[in-house]
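**Student:** Sharing a structure, written as C-alpha cells. Questions coming.
The values are calculated or read from the model by the stated rules, or taken from the named source; none is laboratory data. In this text, all values refer to a predicted model and were calculated from it rather than measured experimentally. Virtual Cβ from ideal backbone geometry, glycine too; neighbours counted across all protein chains shown.
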Amino acid sequence: MEPDDAPLSDEMLRLFTTNASGELNVTMGLTLFVHGSVVSGVLIGAERWLELWEQAVAAPDNEQVAAFTHGVRKELTASVADDGTPVADGYIHLCDAVYVSAGKVLPAGVRGLWRGRLSEVSGWGPGNLTLDQ
C-alpha cells in the first residue's frame with residue numbers, strides 16, 4: 001500500500017466525531033460494525049471520553065495511578081489547532097457501549113467506554129442498542 005492509499009473512513013461518520021469533539025459537543029446513539037463485531041453506544045467527544053476514562057481508571061487510594069491518568073488526559077486534550085479547535089485524532093469515542101454477539105448484548109470496556117479507529121469501521125447506523133433490548 002502506498003502512502004496516498006491510506007485507509008479511508010466514512011466522511012459522514014468523521015464529521016459526526018469532529019462535531020462531538022468541537023464546540024457543538026454533539027452526542028448521538030450509533031451502532032458500528034467493526035471487524036465482524038457489532039458495537040453500539042453513544043458518540044461523545046474525545047475530551048469527554050478521556051474525562052470519563054480518567055474517572056473510571058484512577059484509583060482514589062493510589063496517588064501514582066491518579067497522577068498518571070490525569071497526566072495522560074491532560075497530554076491528550078492539549079492537542080488543539082492554532083484556532084483552538086480540537087485536532088481530529090482519527091478515533092471514534094463511545095460511552096454506554098455494548099457488544100452484540102450471538103443474540104446477546106454485553107457491556108464493553110470499563111464503564112462502557114469504547115474507542116476505535118474510524119478507518120476500521122466498515123458500516124454504521126443511527127441509534128444505539130442497550131442491555132435491556
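**Student:** Given LEU24, LEU15, which one is modelled with pLDDT of 80 or more and more than 25 Å from VAL105 (Cα to Cα)?
**Tutor:** Unique residue meeting the criteria: LEU15.
**Student:** How many residues does the range 74-115 contain that are in a loop (DSSP other than H, G, I, E, B), among the hydrophobic types (A, V, I, L, M, F, W, C) and modelled with pLDDT of 75 or more?
**Tutor:** 2
Residue by residue, here is whether (1) on the phi > 0 side of the Ramachandran plot; (2) at pLDDT 90 or above; (3) part of a helix (DSSP H, G or I) holds:
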| position | (1), (2), (3) |
| --- | --- |
| LEU32 | no, yes, no |
| ASP61 | no, no, no |
| VAL72 | no, no, yes |
| TRP124 | no, yes, no |
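**Student:** Among the residues of the range 34-45, count how many are surrounded by 13 or more Cβ atoms within 10 Å (Cβ to Cβ) and either modelled with pLDDT under 85 or of a type outside the set (A, V, I, L, M, F, W, C) (or both). Break it down into steps so the answer makes sense when it comes.
**Tutor:** First, pick out the residues of the range 34-45 that are surrounded by 13 or more Cβ atoms within 10 Å (Cβ to Cβ): 34, 38-45.
Among the residues that remain, those that are also either modelled with pLDDT under 85 or of a type outside the set (A, V, I, L, M, F, W, C) (or both) are: 40-41, 45.
Total meeting the criteria: 3.
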